[in-house]
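A quick write-up on the structure given underneath.
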Amino acid sequence: MKPYITLGIETSCDETGAAVYHQEKGLLSNALFSQIELHKKFGGVVPEVASRSQLEKITPIIQTALDLANVSLDEINVIAVTNKPGLPGSLLVGVCFAKAMAFAQSKKLIGVNHLEGHAFSAFLEYDVPFPHLCLTASGGHTSLYLVHGFGDYTVLGQTVDDAAGEAFDKVAKLLELPYPGGPEIEKHSAQVNFEDFFSYPRSNPNTLNFSFSGLKTAVLYDMVKQGAYNMHDKKLLNTDTVFKNRVASSLLVCIADIFVQKVKRALKEHRDVKAVTFVGGVACNKYIKERLRTFCEQRRLPLFVPSPQFCTDNGAMIAFVGNYKAQQGKFSDLDLDILR
Ligand code: KG4
Ligand code: ZN
């Protein structure tokens, strides 16, 4: 039988990603257009702007992925596309494009859950043993999974409100730092050596679920209490860099503490776990990575964190999931939707 050569397409939010994954040779290419610059002036992702940019970039990015892989569209036999969750207008661009290609060229179609893409993104570079614990933290999601095998995982906990990345983005906005907030918060924290100045509240230790909206409010109220923020005018009063550094650092240490605490609790409940993975955009954060690494080393557990290009949204993780789903015979019909 011919090996599967999968084209992976990712358009769930503000990144247009396409990649080619070969069943025997692995990842052949990974092309990306990030819309960050387009959304910067709005301080966050504007859905209408995002979907229009997806429409503009999808053809050239797919062409780039094919060119870099040195593979023609005829040689592609599986088209894997993120079909949920995400911004509807953005998702529709990728799903319609993938369906049209599959229909016109009689190729196999596979709808991939974006979170399953993140959850298996560490496999693009590492051979992670099963079962393992996966901490996914991005701008839209924060979850803990127990991963038993390819496509086989159980949700142990997830956020009941905001995602961790969202907390970074929202606090960065309060501090008048540019979007996306995560990298800015990390940069500012490094200036004060990742010290915890304001001891923001940690989350409930008795659950594996996360909650970050209360943390954002706690930061806001603390800033108001310190006379640094005017709630009425929604204005930052203390624009001093040292103050910003201290808020950023206290937030980062708090979120790192929460992650370590949740992983610790999950390991207590699941003693057969052989490794831990940390994935999603927030996994670009070197400080959190090191905190988790130190913790895992004490437990003699390997920690796998993808390189930054595979942490943030990308087509490679979608192509990877498409590849194993194809081998499992899990194909989608042409009525693939963005809701189910
Ligand atoms: O995975 P991703 O690209 O998109 C979603 O699926 O949401 O993640 C984007 C998120 C943003 O919230 C961004 O602030 C955060 O990842 N992020 C970081 C860092 N780099 C990106 N958060 C903390 N530290 C970073 N270095
Ligand atoms: Zn994502």
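The values are calculated or read from the model by the stated rules, or taken from the named source; none is laboratory data. The structure presented is a predicted model; accordingly, all values stated were derived computationally and were not measured. Positions of Cβ are generated from backbone atoms using ideal geometry, with glycine treated the same way; all protein chains shown enter the neighbour counts.
Data overview
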quantity	calculated
Scope segment 17-50; condition in contact with a Leu (Cβ under 7 Å, 6 or more places away or on another chain), surrounded by 18 or more Cβ atoms within 10 Å (Cβ to Cβ) and within 25 Å of Phe168 (Cβ to Cβ); matching residues	Gly17, Ala50
Filtered residues of segment 243-268 (kept if of a type in the set (A, V, I, L, M) and farther than 17 Å from Pro183 by Cα)	Ile258, Val260, Val263, Ala266, Leu267
Which listed residue, of Asn238, Asn206, is exposed (fewer than 12 other Cβ atoms within 10 Å of the Cβ) and polar (S, T, N, Q)	Asn206
All strands (runs of 3 or more DSSP E) inside segment 1-53 with 2 or more residues being among the polar types (S, T, N, Q)	26-34
Segment 148-174, residues that are more than 12 Å from ligand 1 (Cβ to nearest atom), of a type in the set (D, E, K, R) and not in a strand (DSSP E or B)	Asp161
Residue check for Leu251: aliphatic (A, V, I, L, M) and within 12 Å of ligand 1 (Cβ to nearest atom)	yes
Count - residues of segment 175-203 that are among the polar types (S, T, N, Q), loosely packed, with under 15 Cβ neighbours inside 10 Å and either within 20 Å of the chain's Cα centre (by Cα) or within 16 Å of ligand 1 (Cβ to nearest atom) (or both)	1
Among the candidates Ile58, Ile79, Ile36, residue that is within 16 Å of ligand 2 (Cβ to nearest atom), under 27 Å from Leu339 (Cα atoms) and in contact (Cβ under 8 Å) with a residue 40 or more places away in the chain	Ile36
First in segment 177-192 and touching a residue at least 24 places away in the same chain (Cβ under 8 Å) and over 19 Å from Gly140 (Cα atoms), second anywhere and in a helix (DSSP H, G or I) and among the acidic types (Asp, Glu), Cβ under 7 Å, 6 or more apart	Leu177/Glu184
Gly139, sole failed condition from (1) touching a helix residue (DSSP H, G or I) at 6+ places or on another chain (Cβ under 9 Å); (2) at pLDDT 95 or above; (3) among the small types (Gly, Ala, Ser)	(2)
Top-ranked residue in segment 83-141 [being buried (at least 20 other Cβ atoms within 10 Å of the Cβ) and among the hydroxyl-bearing types (Ser, Thr, Tyr); ranked as nearest to Lys264 (Cα to Cα)]	Thr136
Residue match in segment 296-315 (condition: over 19 Å from Gly182 (Cα atoms), crowded, with 17+ Cβ neighbours inside 10 Å and either within 15 Å of ligand 1 (Cβ to nearest atom) or not hydrophobic (A, V, I, L, M, F, W, C) (or both))	yes
Count of residues meeting criterion [more than 13 Å from ligand 2 (Cβ to nearest atom), more than 21 Å from Gln35 (Cα to Cα), outside any helix (DSSP H, G or I) and touching a residue at least 12 places away in the same chain (Cβ under 8 Å)] in segment 295-329	7
In segment 226-248, residue farthest from ligand 1 (Cβ to nearest atom) [restricted to those that are part of a helix (DSSP H, G or I) and in contact (Cβ under 8 Å) with a residue 40 or more places away in the chain]	Val242
Scan of segment 260-289 for residues that are more than 10 Å from ligand 1 (Cβ to nearest atom), buried (at least 23 other Cβ atoms within 10 Å of the Cβ) and part of a helix (DSSP H, G or I), ordered by number	Val263
